[in-house]
1. Among the residues of the stretch B:95-112, is any touching a Pro at 6+ places or on another chain (Cβ under 7 Å), facing chain A (nearest Cβ under 10 Å) and modelled with pLDDT of 95 or more?
2. Look through A:143, A:177, A:167 and report the one residue that is within 19 Å of the chain's Cα centre (by Cα), more than 26 Å from residue A:31 (Cα to Cα) and surrounded by fewer than 24 Cβ atoms within 10 Å (Cβ to Cβ).
3. Being crowded, with 23+ Cβ neighbours inside 10 Å, at pLDDT below 95 and closer than 23 Å to residue A:260 by Cβ, is that true of even one residue in the stretch A:359-375?
4. Which residue is surrounded by the fewest Cβ atoms within 10 Å (Cβ to Cβ), if the candidates are limited to the stretch A:226-274 and must be more than 18 Å from residue A:387 (Cα to Cα) and basic (Lys, Arg)?
5. Test residue B:159 against the stated conditions and say whether it is buried (at least 18 other Cβ atoms within 10 Å of the Cβ), away from every other protein chain (no Cβ under 14 Å) and either among the basic types (Lys, Arg) or closer than 27 Å to residue B:112 by Cα (or both).
6. Taking the stretch A:264-280, which residues are of a type outside the set (S, T, N, Q), away from every other protein chain (no Cβ under 11 Å) and out of contact with any Ser or Thr (no Cβ under 9 Å at 6 or more places or on another chain)?
7. Hey, can you tell me all the residues within the stretch B:8-42 that are within 21 Å of residue B:360 (Cα to Cα) and either within 13 Å of chain A (Cβ to nearest Cβ) or at pLDDT below 95 (or both)?
Amino acid sequence: MIKRRVAVVGAGMTLFRRRMLETGRELSYEASKMALDSAGMTLKDIESVVIGTAPDAFDGVHMKGEYLLEGAGGIGKANSRVYVGGGTGVFTPVAGWWHVASGLFDTCLVVGEEKMSPLHPHPQSAFWSIFDHTTERPLGVTLLWIFALEMRRYMHAHNVKEEDIALVAVKNKMNALDHPCAQVAARITVDDVMNSEKMVWPVKRYDVSPPSDGAAAAILVSEEVARKFTDDPVWIDGVGWNVDSQYWTNRDLYYPAYLETAAKMAYKMAKIENPRRQLDFAEVYDPFDYKELHHMEGLLLAKKGEAPKLTKEGVTQRNGDFPVNPSGGLLGVGNPIAAAGMMKVCEVYWQLKGEAGRRQVKGNKAERGLAQAWGDLMQVGTVLTMKR
Amino acid sequence: MADMADRIGIIGAGYEGFRPVISDLSTRELMFEAASKAYDDASIDPRKDVGSYICCTEDFWEGWSITDEMVPDQIGAAGRPLCTVPADAVTGLGNAVMHILSGIAEVVVLEAHSKSADVIDKDAVERLAQEPTIIRPLGASSDALAALEMDGFMRSTGYDHDDINDFLVSSKKRALKNTRASYGADLSAEEVEGAGMISSPLRRLDKAPFAEAGVVLVLASESWAKRNKRDPVFIDGVAWSSSLPWFDGGDFGVAGYARDSYLKAMNRAGLKGLDSFDIIELDDTYSYKALQHLHSLAKSAAEETRVLSGTGPAINPGGGSLGVGNLLEASAIHRLLECYLQLTRKAGPVQVKGAERALVQSWGGIPTATGGAAVLSR
């Protein structure tokens, strides 16, 4: 039984760019300041801070949460860093939720930060060290390889064409044209995706989100505090997360069962029995275009193999029946790992507050949205639902 | 800020290792052994009874980016809610408590371990924790930063090497009786002085040597414990806090993180003063840190003197990190373990008679000014 309601009363984010001049601390500060300003609060109002940031290897800073906490307003506060790989961005506000829901704190500033650019020659090299040192690293395997395997398996299981998957990249990059922080917004076609550089078949350049620097933040508060600062808070009504076995080779990659388990945890809390009907839109994790489809099915927003069809029919367009990634997602806005997931949570907040501007879905009548992220070795699902 | 009205306790603990080098177990095997023993101690089935899992790990110590990915299989958490809280285990304990208080779990597993001997160049890893733009380019090692803080601490409080020697010698001696201690010794102050200098005024023996261990604790709500007839060690208060490190303008004498977290934990527990405790486990990663931490907790000079004289609560009865070893991310969970064993009368030769209540105080290590406090009772 959940003991206290938790509201979101402010959000902010920096530009997402391939290489930002600001340090990680400065990025954290900027996002935190924007979130506080938007809530009409100052750091004095904050009792606890949760920092989300993915591999220390990106920034080259050991104990990165400690490094970031001064920028994120953590001095003199109860400061926690939480971490579930790529799932961290959505997991950070999940942790903020339990800080407030527990009754131990009335306010929590949650900050997602990632600065991937310090790593040379390319941030991908940080991922070398996520693989098993005995069985996988000697193969010289990269993330692109294993995601190509997963994409291929998904295509095979449901007889999905590369062109069907490319529609996701086209949609999300187009949506991102309306996002002021977007890094790789573009008006492209399926042919552009198909003709883009082959990376590891079937993954092509435009199937993939870019490496990015950036930060995003939100303010979580108890119901009592929320009523002091706003008349229309947005509530977090469901959280869920799940971590499957590290041995990804031992499961059928066509379906993210761990995500279904995480989603069911959140849906149970939010009393959602039919997510497709009871949710109005979703910010689904899309580091690759096929992942949006894969995750829609894991989230039970589409039947197995149905997501490409819904995409083709325009259901997931911003003006469709069930908008998916109206922000532009990672494919359009950018992918500073932990900040990218936080960006999705910020987007759900802005949508439900009616502050999403040209990105607004359903004529500002959306009542409920979902944010989701994914990570580790294709084994983590993190889910958060919000309503107004 | 609310109090901890709903009681939560530790219903089981397991550990493995506590040696300078564990050559016969991999990291994963170490975690498995500790978890198996904890589940046995708590009489639980991790696949049925546990609602969530928290591990306290840092990527660079593990040599593994995104360390949480390799945790679930070893501790029975595959397909379950698991996360990393990269911090000392008192912060992890706080998050575990919040899992239960928020209603998302009734039973939570907390894991931390040290496989420090696998790290070829620990100094290089520690340097990577320094702020990269201004501090790291100065080229100071963590020990050099500690030495400067030790100097500032001694100057600002009046503690001298004799005071530090007294604490160090007694800690090493107590550790001789602790079966988990690798560095117990019967030393004289002259031997401490003669053991050499790391960076003045920090001597070689002022630094806790590294050791390896895996520890798992099982937490449960009081209602779960009652329903299932367990006898918990209660967590009456827990808090964690960050302050400015000395090189960013923080205080040398009073560790702000220690004082702040202690006062909040005491407030949650409804207690005042160090005399409330039978046992105090202070972070003593460096010998002077134990005295700095005590100085930060004490409400008066008289209380500080009384506790240090040995007439009050027992301080680090198992020898602390100076005797057992620096267990990196597992240092704080080791202190929690020592208190759990004391309060359940399982501490063996280092048992403090009649111990009913204990304080654990933790620190994240150089270059952090982050730490926590937990109040345990039975």
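1. Scanning the stretch B:95-112 turns up no residue that is touching a Pro at 6+ places or on another chain (Cβ under 7 Å), facing chain A (nearest Cβ under 10 Å) and modelled with pLDDT of 95 or more.
2. On the way: A:177 fails: more than 26 Å from residue A:31 (Cα to Cα); A:167 fails: within 19 Å of the chain's Cα centre (by Cα).
Exactly one of A:143, A:177, A:167 is within 19 Å of the chain's Cα centre (by Cα), more than 26 Å from residue A:31 (Cα to Cα) and surrounded by fewer than 24 Cβ atoms within 10 Å (Cβ to Cβ), namely A:143.
3. Yes, the conditions are met somewhere in the stretch A:359-375.
4. Going through the stretch A:226-274, the residues more than 18 Å from residue A:387 (Cα to Cα) turn out to be A:228, A:241-262.
With basic (Lys, Arg) added as a condition, the list becomes A:228, A:251.
Numbers: A:228: 11, A:251: 15.
Only one residue fits best here, namely A:228.
5. Working: buried (at least 18 other Cβ atoms within 10 Å of the Cβ): yes; away from every other protein chain (no Cβ under 14 Å): yes; either among the basic types (Lys, Arg) or closer than 27 Å to residue B:112 by Cα (or both): no.
Against the criterion (buried (at least 18 other Cβ atoms within 10 Å of the Cβ), away from every other protein chain (no Cβ under 14 Å) and either among the basic types (Lys, Arg) or closer than 27 Å to residue B:112 by Cα (or both)), residue B:159 does not qualify.
6. Within the stretch A:264-280, the subset of a type outside the set (S, T, N, Q) is A:264-273, A:275-277, A:279-280.
Still in the list and also away from every other protein chain (no Cβ under 11 Å): A:264, A:267, A:270-273, A:275-277, A:279-280.
Within the stretch A:264-280, A:264, A:271, A:273, A:276, A:277, A:280 meet the criteria.
7. Across the stretch B:8-42, the qualifying residue is only B:8.
Every residue, every condition in (1) free of Cβ contacts under 8 Å to residues at least 24 places away in the same chain; (2) aliphatic (A, V, I, L, M); (3) surrounded by fewer than 24 Cβ atoms within 10 Å (Cβ to Cβ), yes or no:
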| residue | (1), (2), (3) |
| --- | --- |
| A:333 | no, yes, no |
| A:342 | no, yes, no |
| A:346 | no, no, no |
| A:351 | no, no, no |
| A:355 | yes, no, yes |
| A:380 | no, yes, no |
| A:387 | no, no, yes |
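The values are calculated or read from the model by the stated rules, or taken from the named source; none is laboratory data. Predicted, not measured: the structure shown is a model, and the values here were computed from it. Counting neighbours? That spans all protein chains shown, and the Cβs are built from the backbone with ideal geometry, glycine included.
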